[in-house]
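Working notes for the structure below.
The values are calculated or read from the model by the stated rules, or taken from the named source; none is laboratory data. Quick caveat, the model's predicted, so the values are computed rather than measured. Please note: Cβ atoms are built from the backbone with ideal geometry, for glycine as well, and neighbour counts cover all protein chains shown.
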Amino acid sequence: MPLLGCIADDFTGATDLASTLVRQGMSAVQVIGVPPAAERQSGGSPLPEADAVIIALKSRTIPAAEAVAQSLAACEALLAAGARQLLFKYCSTFDSTDEGNIGPVAEALLKRLEGGFAIACPAFPTNGRTIYQGHLFVGGALLNESGMENHPLTPMRDANLVRVLSRQTEGGVGLLPFTFVEQGAGAIRHEVTKLREAGRRFAIADAVTDAHLMALGEACASHALITGGSGIAMGLPENFRRAGLLPARGDAGALPEVGGLAAVLAGSCSRATLGQIGTARDHLPVLELDALATPDAAALAGQAKAWMAGRLEAGRPVVIAASAPPDRVEALQKKLGRDAAGALVEEAMAEIAEALVAAGVRRLVVAGGETSGSVVQRLGVRSLRIGAEIDPGVPWTHATPDSAPEGMRLALKSGNFGARDFFLKAFQ
Ligand code: ADP
């Protein structure tokens, strides 16, 4: 039975949250999408067992009504599995519009849980996201001067989150200010009672340091719903330990042993990933596919399959990359159109991933968010048990996809994450 049930509005945010919980001593599983209700009804809860279950949706920018429906379905699945508290996780830059989706989803969940009141705290001080007097800062800049005002899908043009959330909800948004948060859990609880009595249903919680997040977490131990970024989860595991529900786990990130061959698939063209491929070149066999010279997914996959045939051997990972510098990416995009160019390479990477697993690869690093999405989908991965981090934000995970039911390791790396030697470090 999960103690904490989480609903995340995007895939990498879910992993980030899961990693935070593992660091704080909870075992965590990330589930991809809401398991169908029919499956749940026939065989009981199909959710994997862990102290925390995180259902990853892709609901950040879809129409608000759909985001609400998916989030409520996730909520039902988590409640059916026995979750005692729910966390709605969104981006630490509060990515949303006046139509939603943070407000409408939070309201719907609060109503379902008959929670009455929930805090909203996207602060993530480690990454420079802090909240003071309800205003969100990114590093030293207000949110609306941080570059987020130009985001293509969710431009954030107001740093005052009390106002932002008020526009997305039926009113009743207050502020849980720094002065109380700074004093600790007791003062926060007292102020929350006053906010509730004043008819507030949400309050933006100030937080400038991790200590503030820990105090907020402690103060919200009895709340049915908590909303925020991954940082707000930091203080929650201790509540469960204090209540005697969560045993001390030195091994929250322990994963089943997995043998088999190892490989890296890179579809990210970010500077960090290009650097990581550069470093790998000096140590490992690296195939660099040229999508511009061969703009055909099946042909690219064919080249990779022929190349890997003689090179996969125990104890030495191989690297297969479609990644290219900006001028070559632009040239392919000009030739095919932006979406078609991306789809072509993603299709090739998915097919190569399938071939690698068929050839016995059971430890696979994938570089690139979209690339990871297409690989996970092709392999038939439904959930990921979260292990220890290789570098901040990128844990090893364990999955039992259709294509490798005995289990395999996956590390799904957002393009810009990881140190230069990431591909070497992952296998050490
Ligand atoms: P990131 O996490 O860095 O954003 P993604 O995988 O999300 O990485 O996005 C990279 C996109 O670039 C994918 O759609 C991928 O298919 C595409 N891509 C990869 N290699 C090339 C290339 N050589 N030319 C054009 N597009 C490419």
Quick one: is T209 among the polar types (S, T, N, Q), surrounded by fewer than 16 Cβ atoms within 10 Å (Cβ to Cβ) and without any contact (Cβ under 8 Å) to a residue 12 or more places away in the chain?
no
Say we look at segment 373-398 and pick out the residues that are of a type outside the set (A, V, I, L, M, F, W, C), in a strand (DSSP E or B) and surrounded by fewer than 18 Cβ atoms within 10 Å (Cβ to Cβ); which of these is farthest from the ligand (Cβ to nearest atom)?
E389
Failed condition for R420, given (1) over 23 Å from A301 (Cβ atoms); (2) in contact with a Lys or Arg (Cβ under 7 Å, 6 or more places away or on another chain); (3) within 16 Å of the ligand (Cβ to nearest atom), with all others met?
(2)
Please work out which one of (1) within 16 Å of the ligand (Cβ to nearest atom); (2) under 18 Å from G387 (Cβ atoms) is the condition A304 fails and give its number.
(2)
Can you find a residue that is buried (at least 19 other Cβ atoms within 10 Å of the Cβ), among the basic types (K, R) and under 12 Å from the mean Cα position of the chain (by Cα) anywhere in segment 72-89?
yes
Can you pull out the residues in segment 300-312 that are surrounded by fewer than 13 Cβ atoms within 10 Å (Cβ to Cβ) and either modelled with pLDDT of 95 or more or farther than 14 Å from L356 by Cα (or both)?
A306
What is the number of the single condition among (1) buried (at least 22 other Cβ atoms within 10 Å of the Cβ); (2) more than 16 Å from the ligand (Cβ to nearest atom); (3) within 22 Å of the chain's Cα centre (by Cα) that M214 does not meet?
(1)
By residue number, the members of segment 119-166 that are surrounded by fewer than 17 Cβ atoms within 10 Å (Cβ to Cβ), in contact with an Asp or Glu (Cβ under 6 Å, 6 or more places away or on another chain) and under 23 Å from E191 (Cα atoms) are Y132
Enumerate the pairs (first residue in segment 357-368 and more than 16 Å from the ligand (Cβ to nearest atom); second residue anywhere and of a type in the set (K, R)) with beta-carbon separation below 9 Å, excluding pairs fewer than 6 apart on the same chain, so at least 6 apart or on different chains.
A359/K305; R362/R409; R363/R409
Taking segment 167-180, which residues are part of a loop (DSSP other than H, G, I, E, B) and closer than 14 Å to E191 by Cα?
P177
Note on segment 348-365: residues surrounded by fewer than 24 Cβ atoms within 10 Å (Cβ to Cβ) and at negative phi are A350, E351, E354, A355, V357, A358, A359, V361, R362, R363
Going by the conditions given, is R328 of a type outside the set (A, V, I, L, M), surrounded by fewer than 21 Cβ atoms within 10 Å (Cβ to Cβ) and closer than 28 Å to S403 by Cα?
no
Can you tell me which residues in segment 51-60 are within 15 Å of the chain's Cα centre (by Cα) and assigned to a loop (DSSP other than H, G, I, E, B)?
L57, K58, S59, R60
Which residues, taken from segment 21-50, are part of a helix (DSSP H, G or I) and either at pLDDT below 95 or of a type outside the set (V, I, T) (or both)?
L21, R23, A37, A38, E39, R40, Q41, S42
Among strands (runs of 3 or more DSSP E) completely within segment 258-372, the ones holding 3 or more residues that are out of contact with any Cys (no Cβ under 6 Å at 6 or more places or on another chain) and of a type in the set (A, V, I, L, M, F, W, C) are 261-266, 318-321, 361-367
Given the conditions (1) in contact with a strand residue (DSSP E or B) (Cβ under 8 Å, 6 or more places away or on another chain); (2) outside any loop (DSSP other than H, G, I, E, B); (3) not basic (K, R), report the number of the one that T126 does not fulfil.
(1)
